[in-house]
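Notes follow once the structure below has been shown.
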Amino acid sequence: MKRPLTRNCCRALAVCFALMMWQPASADIDLVIEGVDKDIEANLLVFLSLQRYRERDDLTADTIERLHERAPNEVRHALRPFGYYEPTLQSDIKRLENGRDWRITLHIDPGKPVILQEVSVEVTGPGAEESMFRTLIADSELKPGRRLSHAAYDKLKGDLQRTALGSGFLDARYVHHQLKVDPLNRRATADLALETGQRYRFGQTEIEQDVIEPRLVRRYLRYQEGDYFEAIKILTTQFALDDSQYFSSVEIIPGARDPQTLTVPVTIRAQPSKKNKYTVAIGYGTDTRVRGTLAWDNRRVNEKGHRWRVELLGSNTKQAIEARYIIPVGDPALEHLGANWTWSREELADLDVSSQELTASLTQIRGRWQRVLFTTLERSVSESDAERNTDTFLMPGISYALLPANFGVDSLVLGHGLYAQLIGSHSAFGSDANFLQLRIQDERVFHLGDVWHLILRGDLGLSAVADFSELPGSRRFFAGGDRSVRGFGLNELSPVDADGNRTGGRHLMVGSIEIERDLPRRFGVAAFFDAGNALNKLGDPVEYSVGLGFRWRIPVVTLGLDVAQALSQRDASPRIHLNIQPRL
């Protein structure tokens with residue numbers, strides 16, 4: 001029988017002689033592995049002493065030889081979990097030209113793999129017919145005829161038990177579990193038998209807190225007494241209470257299960273957060289220059305859970321004051337009544353807009369959608385070199401935001417995604433003009449492997465208004481800037497009036513394609529193509545640009561630097577977009 005990994009004696013003597021000819025000195029190892037795929041290589045790097053010691057400052061020629069002698073046995077152990085029990089190894093050691101470092105090449109022939117001949121996976125007991133178990137078994141890589149994978153066996157074994165326990169089968173246990181391997185005949189059999197036991201339900205929940213009304217706290221629970229016990233419902237309840245801002249700490253403790261009643265009692269202990277929270281944030285952007293935010297939150301106005309927030313925003317292009325009052329309704333983690341008052345002044349290209357808004361809103365969850373019904377009373381002043389308009393509008397509206405698939409599991413905080421808003425005004429409401437406006441925005445991220453990401457962004461705005469001059473300045477569209485068509489300045493893209501002033505457009509069309517690649521140390525690079533414009537007619541031409549970007553994601557801030565070149569304007573110079581955004 002052929003003995004795997006038997007090293008050629010002459011090669012071993014030559015290696016020893018080459019190493020002994022050099023005086024002991026500090027050295028580094030350049031380790032090259034050939035002949036195996038990435039998964040096996042990653043496991044090899046865990047096992048190999050040559051990898052663990054390769055950057056040590058005290059490496060000598062004698063040490064390198066001892067590490068090299070360990071390689072055959074370490075390779076054997078590293079390949080067994082992948083079903084390869086008879087690998088062969090050829091190695092090559094070379095001194096690099098700098099006279100100090102070494103390159104060690106390990107060429108590995110994994111040999112013929114062990115094949116799974118028989119696989120038996122059974123789930124018995126009251127939960128035997130649950131689809132969650134059948135799905136795990138069907139999706140598993142543990143199948144007859146396939147190469148043995150210890151990881152696939154361990155994964156299925158762990159997944160079945162975790163799913164059982166997490167779904168309320170708290171007495172689940174393996175009747176037997178066995179993986180038999182016959183390396184000589186390259187055969188293996190796997191046998192798993194899980195007994196689920198009875199399924200438990202949530203029992204009584206005791207809540208210990210004196211911050212808000214007990215009935216309000218119970219509306220944050222993601223389960224009801226009598227529901228099947230599920231660990232994920234405990235986790236989402238934890239998220240909901242943490243995100244409520246009423247508590248500084250929340251502890252949810254499932255009690256001892258009762259095998260007679262098949263219930264699990266739950267105890268929740270919560271400590272109050274500070275009533276007032278003050279926030280100061282400073283950022284920088286090429287579009288806005290230095291920008292700052294001051295905010296004051298009263299997180300517990302009363303025991304009914306009301307809260308309010310006052311925020312001041314200042315930048316080179318916009319100044320605003322906003323006061324918001326929130327009243328929880330329905331599911332308080334997701335739904336609320338709101339009253340907002342906002343004063344703002346903003347420079348939109350050649351149009352200066354000052355406005356005051358008073359908005360009443362109702363936020364609700366409808367399946368995978370967050371719906372907001374609102375009515376805004378706005379008084380605005382729009383001024384350019386050619387005109388000055390003062391208007392009052394009463395604008396009812398509705399918006400929908402698509403919730404992410406894992407919403408409520410990872411976090412209750414929304415990110416970028418599909419968003420649509422419809423808003424309008426009519427003289428029947430006492431408004432100075434009639435218009436209807438639709439805005440749709442979306443951003444999608446597709447992960448193309450571990451380090452490559454495709455980011456698609458789109459922004460569409462459509463206005464129906466008889467006379468464009470009646471459309472308030474705050475509702476007109478502009479394009480260009482960091483989050484629009486890079487290569488152009490903030491709000492630089494706009495139709496112009498008879499005097500050449502950029503006063504906004506009826507419609508907006510903007511799209512972006514960006515490829516990002518992650519680099520070590522939280523760095524990243526990007527290449528992008530942007531196109532779009534603010535338009536008065538949908539057939540009007542659009543502007544477009546291309547560019548390269550740099551990303552640095554650190555705990556305190558995210559720094560983005562883009563260099564963009566407009567392609568639709570021949571004489572345009574490259575434009576730098578710098579954005580330093582606090583990570584709150």
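Here's the yes/no breakdown for (1) farther than 30 Å from A240 by Cβ; (2) part of a strand (DSSP E or B); (3) assigned by TED's automatic domain parsing to the domain that holds L348:
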position: L377; (1), (2), (3): yes, yes, yes
position: V381; (1), (2), (3): yes, yes, yes
position: D385; (1), (2), (3): yes, no, yes
position: M395; (1), (2), (3): yes, yes, yes
position: S399; (1), (2), (3): no, yes, yes
position: G424; (1), (2), (3): yes, yes, yes
position: L462; (1), (2), (3): yes, yes, yes
- Message: Of all residues being small (G, A, S) and closer than 14 Å to S384 by Cβ in the stretch 319-356, which is surrounded by the fewest Cβ atoms within 10 Å (Cβ to Cβ)? Just the residue, please.
- Response: S354
- Message: Looking at the stretch 19-61 only, could you name the residues that are part of a loop (DSSP other than H, G, I, E, B) and either in contact with a Phe, Trp or Tyr (Cβ under 7 Å, 6 or more places away or on another chain) or at pLDDT 85 or above (or both)?
- Response: A27, G35, V36, D37, L48, L59
- Take the residues of the stretch 47-93 that are farther than 26 Å from G111 by Cα and free of Cβ contacts under 8 Å to residues at least 12 places away in the same chain: which is surrounded by the most Cβ atoms within 10 Å (Cβ to Cβ)? T63
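Residues checked against (1) among the aromatic types (F, W, Y); (2) touching an Asp or Glu at 6+ places or on another chain (Cβ under 8 Å); (3) within 30 Å of L351 (Cα to Cα); (4) touching a residue at least 24 places away in the same chain (Cβ under 8 Å):
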residue: P265; (1), (2), (3), (4): no, yes, no, yes
residue: G283; (1), (2), (3), (4): no, no, yes, yes
residue: V290; (1), (2), (3), (4): no, no, yes, yes
residue: L294; (1), (2), (3), (4): no, yes, yes, no
residue: R307; (1), (2), (3), (4): no, yes, no, yes
residue: G330; (1), (2), (3), (4): no, no, no, yes
- Take the residues of the stretch 464-479 that are part of a loop (DSSP other than H, G, I, E, B) and in contact (Cβ under 8 Å) with a residue 60 or more places away in the chain: which is farthest from G547 (Cα to Cα)? P472
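I need a count of the residues in the stretch 94-109 that are in contact (Cβ under 8 Å) with a residue 24 or more places away in the chain and within 17 Å of V32 (Cβ to Cβ). Even if it seems obvious, please write down each step before you answer.
Narrowing the stretch 94-109 to residues in contact (Cβ under 8 Å) with a residue 24 or more places away in the chain: 95-96, 100-109.
This time we only want the ones that are within 17 Å of V32 (Cβ to Cβ), so: 95-96, 101-109.
The qualifying residues number 11.
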- Query: Is there a residue in the stretch 131-146 that is surrounded by 15 or more Cβ atoms within 10 Å (Cβ to Cβ), closer than 23 Å to L79 by Cβ, in the same structural domain as I40 (by TED's automatic domain parsing) and touching a Phe, Trp or Tyr at 6+ places or on another chain (Cβ under 9 Å)?
  - Reply: no
- Query: Restricting attention to the stretch 275-314, and to residues there that are hydroxyl-bearing (S, T, Y) and part of a strand (DSSP E or B), which single residue is farthest from the chain's Cα centre (by Cα)?
  - Reply: Y278
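Residues that are over 30 Å from R56 (Cβ atoms): which strands (runs of 3 or more DSSP E) entirely in the stretch 84-161 hold 3 or more of them? Quick ask: steps written out before the conclusion?
Values: elements: 88-95, 102-109, 115-124.
Per the criteria, 115-124.
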- Note on the structure: Filtering the stretch 65-94 for residues that are over 30 Å from T189 (Cα atoms) and touching a strand residue (DSSP E or B) at 6+ places or on another chain (Cβ under 6 Å) leaves a count of 5
- Query: List the pairs whose first member sits in the stretch 220-235 and is closer than 21 Å to T163 by Cβ, whose second member is among the small types (G, A, S) and in a loop (DSSP other than H, G, I, E, B), and whose Cβ atoms are under 6 Å apart, counting only residues at least 6 apart or on separate chains?
  - Reply: Y228/G168; F229/G168; E230/S167
- Message: On the basis of being of a type in the set (V, I, T) and modelled with pLDDT under 95, does I93 make the cut?
- Response: yes
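On the basis of being without any contact (Cβ under 8 Å) to a residue 40 or more places away in the chain and touching an Asp or Glu at 6+ places or on another chain (Cβ under 8 Å), does A527 make the cut?
In short, yes.
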- Message: Can you tell me which condition K112 does not meet? The list is (1) within 38 Å of the chain's Cα centre (by Cα); (2) surrounded by fewer than 14 Cβ atoms within 10 Å (Cβ to Cβ); (3) in contact (Cβ under 8 Å) with a residue 24 or more places away in the chain, and all the others hold.
- Response: (1)
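The values are calculated or read from the model by the stated rules, or taken from the named source; none is laboratory data. These numbers were taken from a predicted model, which means no experiment stands behind them. Neighbour counts are summed over all protein chains in view; Cβ atoms, including those assigned to glycine, are modelled from backbone coordinates with ideal geometry.
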